[in-house]
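Please treat every number below as a calculation from the coordinates, not as lab data. Fair warning: this is a prediction, and the values are worked out from it, not measured in the lab. When we count neighbours, we look across all protein chains shown, and the Cβ atoms used for this are built from the backbone with ideal geometry, even at glycine.
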Amino acid sequence: MKPFLPTCALLLVSALRADAVDLPTVAGPAMGTTYRVTLARDVPGMTLGQVHREIEDVLARLDRALSTWRSDSDASRFNRSPAGTWVEVAPDLVAIVAIARRVHDDTGGAFDITAPTATGRPAAGMHHLEIRERPPSLRKSRDGVSLDLGGIGPGYAVDAIGERLMTLGSANHLVELGGEVRAWGTRRAGEPWRVALRHTSAIVELAPGEAIATSTARPGRSPVDPRTGRVVEPAVPVATVRASTCAEADARAVAILVHGAEAAENVPAPP
């Protein structure tokens with residue numbers, strides 16, 4: 001898969017290796033980084049290799065829908081489309097745009113998937129994107145509007161992998177991709193899943209269904225404020241967010257870096 005991680009943030013959450021000892025685990029490359037899935041127990045009726053292939057199928061599906069590094073993806077086709085034209089896309093792309101719009105509204109525009117780079121100009125704006133559920137389609141009201149999903153795509157992939165495992169019969173697993181993590185169920189004996197935050201070495205426990213994401217600004221890789229198009233020096237150099245989905249945790253962590261210290265209080269995670 002082609003690189004997919006955001007240029008403005010380095011995601012720094014990792015699953016504790018201690019949590020994976022003697023537990024079924026699969027891992028591999030994805031979205032310009034790596035993923036790791038730890039199961040509390042084997043999936044009924046499936047080998048670990050079969051589970052691995054199912055995960056790879058999810059990642060391939062998302063690559064076809066979300067990647068802006070391949071010209072034939074749904075996101076790339078939409079980016080090339082003229083204003084006023086409905087573009088049929090995969091349901092995943094419609095879903096991720098809907099999540100991004102909700103976070104955009106909740107954060108006062110600090111998160112915007114139409115703001116990929118520092119240009120000195122404001123983002124085109126989420127209000128130029130329209131969604132249609134049936135058939136799943138997107139339309140832009142202004143030429144030049146394009147999507148960059150690096151600040152939310154890895155988190156969405158974590159959610160998608162975890163949900164696929166649920167449909168296969170696994171109720172207890174931990175999914176990590178590029179540092180984004182979400183827990184389903186518990187470890188063996190009902191113990192909570194635990195993850196380590198690399199930037200602090202803190203160990204945190206995740207409730208069933210809970211996700212966590214951390215974004216950090218580094219010298220030369222500061223975030224861009226989509227409302228102005230200018231690079232900002234974050235008042236909060238590291239932002240860690242818990243949420244009920246990894247996609248939202250991912251996006252809100254980026255928004256906090258843009259928004260500043262007040263965002264820690266004013267950008268709540270969803271219930």
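For region 188-198, the Karplus equation 6.51 cos²θ - 1.76 cosθ + 1.60, evaluated at θ = phi - 60°, returns couplings of 4, 6, x, 6, x, 5, 10, 10, 10, 8, 4 Hz by residue, with Gly and Pro reported as x. Counting only DSSP H runs of at least 4 residues, each contributing -39500 (n - 2.57), and dividing by the residue count of the chain, the helix-based mean residue ellipticity at 222 nm comes to -9000 deg cm²/dmol.
Using only side-chain charges placed at the Cβ, +1 for Lys and Arg and -1 for Asp and Glu, the dipole size of region 76-227 relative to its Cα centre rounds to 320 debye. Using C-alpha pairs below 8 Å separated by at least 6 residues, the relative contact order for region 147-257 is 27 percent.
Full extension of the segment from residue 80 to residue 105, taken as 0.36 nm per residue of separation minus the current Cα-Cα distance, would add 6.5 nm. Here region 179-257 and region 95-172 have alpha carbon centers that stand 17 Å from each other. Using 0.36 nm per residue and subtracting the Cα-Cα separation, the extra length available between residue 50 and residue 88 on full extension is 10.6 nm.
Placing R0 at 22 angstrom, the Cβ-Cβ distance between residue 70 and residue 143 gives a FRET efficiency of 0.50 after rounding to 0.05.
Placing pseudo-labels 7 Å out from each Cα toward the beta carbon at residue 200 and residue 188 gives an inter-label distance of 3.1 nm. Shape class for region 81-140: oblate, because the ratio a/c of the largest to smallest gyration tensor axis (alpha-carbon atoms, square roots of eigenvalues) is 1.5 or more and b/c is at least a/b. Along region 43-56 the Karplus relation, 6.51 cos²θ - 1.76 cosθ + 1.60 evaluated at θ = phi - 60°, assigns HN-Hα couplings of 6, x, x, 10, 7, 5, x, 5, 4, 4, 5, 4, 5, 4 Hz to successive residues, with x for each Gly and Pro. Taking a ≥ b ≥ c as the square roots of the eigenvalues of the Cα gyration tensor, the chain is classed as oblate, since a/c reaches at least 1.5 and a/b does not exceed b/c. Among 45, 32, 153, the largest mean-square fluctuation in a Gaussian network model of the chain (Cα springs under 10 Å) belongs to 45. Charges at C-beta only: +1 for Lys and Arg, -1 for Asp and Glu. How large is the resulting dipole of the chain about its Cα centre, in Debye rounded to 20? My answer is approximately 480 debye. The string of couplings for region 163-168 from the Karplus curve (6.51, -1.76, 1.60, θ = phi - 60°) is 5, 4, 4, 4, 5, 7 Hz, one whole number per residue in order, with x for Gly and Pro.
Ranked by the mean number of other Cβ atoms within 10 Å of their residues, highest first, the peptides 121-130, 241-250 come out as 241-250, 121-130. Overall form of region 121-271: oblate. Here a/c, set by the Cα gyration tensor axes a ≥ b ≥ c, is 1.5 or more, and a/b is not larger than b/c. Highest GNM mean-square fluctuation among 95, 211, 30, for the chain modelled with Cα contacts below 10 Å: 95. A Cβ-based charge dipole, computed about the Cα centre of region 81-140 with Lys and Arg at +1 and Asp and Glu at -1, lands at about 160 debye. In percent, rounded to a whole number, the relative contact order of the chain is 24, using alpha-carbon pairs under 8 Å and six or more apart.
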